[in-house]
1. Do we have ALA68 as open to solvent by 50 Å² or more (accessible area, probe 1.4 Å) and among the hydrophobic types (A, V, I, L, M, F, W, C) here?
2. Take the residues in the range 131-140 that are in contact (Cβ under 8 Å) with a residue 24 or more places away in the chain and assigned to a helix (DSSP H, G or I); name whichever of them is most open to solvent (accessible area, probe 1.4 Å).
3. Here's a check for you: in the range 49-65, which residue that is in a helix (DSSP H, G or I) and touching a helix residue (DSSP H, G or I) at 6+ places or on another chain (Cβ under 7 Å) is most open to solvent (accessible area, probe 1.4 Å)?
4. Within the range 110-122, which residues are touching a helix residue (DSSP H, G or I) at 6+ places or on another chain (Cβ under 8 Å), without any contact (Cβ under 8 Å) to a residue 24 or more places away in the chain and not hydroxyl-bearing (Ser, Thr, Tyr)?
5. Can VAL114 be described as over 21 Å from the mean Cα position of the chain (by Cα), more than 18 Å from ALA38 (Cα to Cα) and β-branched (Val, Ile, Thr)?
6. Looking at (1) surrounded by 18 or more Cβ atoms within 10 Å (Cβ to Cβ); (2) in contact with a Ser or Thr (Cβ under 7 Å, 6 or more places away or on another chain), which is the only condition ALA79 fails?
Amino acid sequence: MKTILSASLLSLWLVSSFGLAAESEDAESAPDTEIRGAVSAFHTHIEPVWHHHYPAKDAAAIKEEIPALKDAAEAVLSATKADGSPASQEAAEKLVESVDALSAASAAQDEGAVMVSVEQMHDEFHELITTLKVSQKELH
């Protein structure tokens with residue numbers, strides 16, 4: 001009887017200890033709701049740029065999206081600053097920088113630089129979602 005009780009207690013302790021550790025690890029690795037919302041909002045603006053305007057080489061349509069992209073990128077940066085993760089903050093800073101580069105290229109009316117900047121912004125966005133462990137499915 002003592003053996004069964006000891007085994008039961010040990011099993012209960014193992015399940016609760018490792019179960020809580022797994023929950024804690026998942027909570028630490030997943031971005032919070034504010035970050036997810038900001039990333040999703042940015043995605044709503046980069047999606048038409050990357051999938052429609054960029055392939056069509058439509059610099060004018062891309063230019064129209066820049067203010068919204070800037071606001072959304074700043075919101076991502078703000079959310080990652082609140083999160084406190086240096087890696088996510090660095091990735092968000094790079095995203096903001098890429099949107100700024102796109103804005104500068106557009107203001108200079110350099111269509112070639114606009115297209116290169118869109119590619120860079122897209123790459124930085126993917127780096128960000130990889131760093132944050134946000135899946136593509138969550139964005140659609």
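1. No; evaluated as a whole, the condition is false for this residue.
2. For the range 131-140, the residue satisfying everything is GLU138.
3. It comes out as LYS63.
4. ALA113, VAL116, GLN120
5. Judged against the criteria, VAL114 is a match.
6. Unmet for ALA79, out of (1) surrounded by 18 or more Cβ atoms within 10 Å (Cβ to Cβ); (2) in contact with a Ser or Thr (Cβ under 7 Å, 6 or more places away or on another chain): (2).
The values are calculated or read from the model by the stated rules, or taken from the named source; none is laboratory data. Being a predicted model, the structure only gives us computed values, none of them experimental. Because the Cβ atoms are built from the backbone with ideal geometry, glycine has one as well, and the counts that use them run over all protein chains shown. Please note that ligands, DNA and RNA were not included when accessible areas were found on the heavy atoms of the full protein model with its side chains. Shrake-Rupley method; radii C 1.70, N 1.55, O 1.52, S 1.80 Å.
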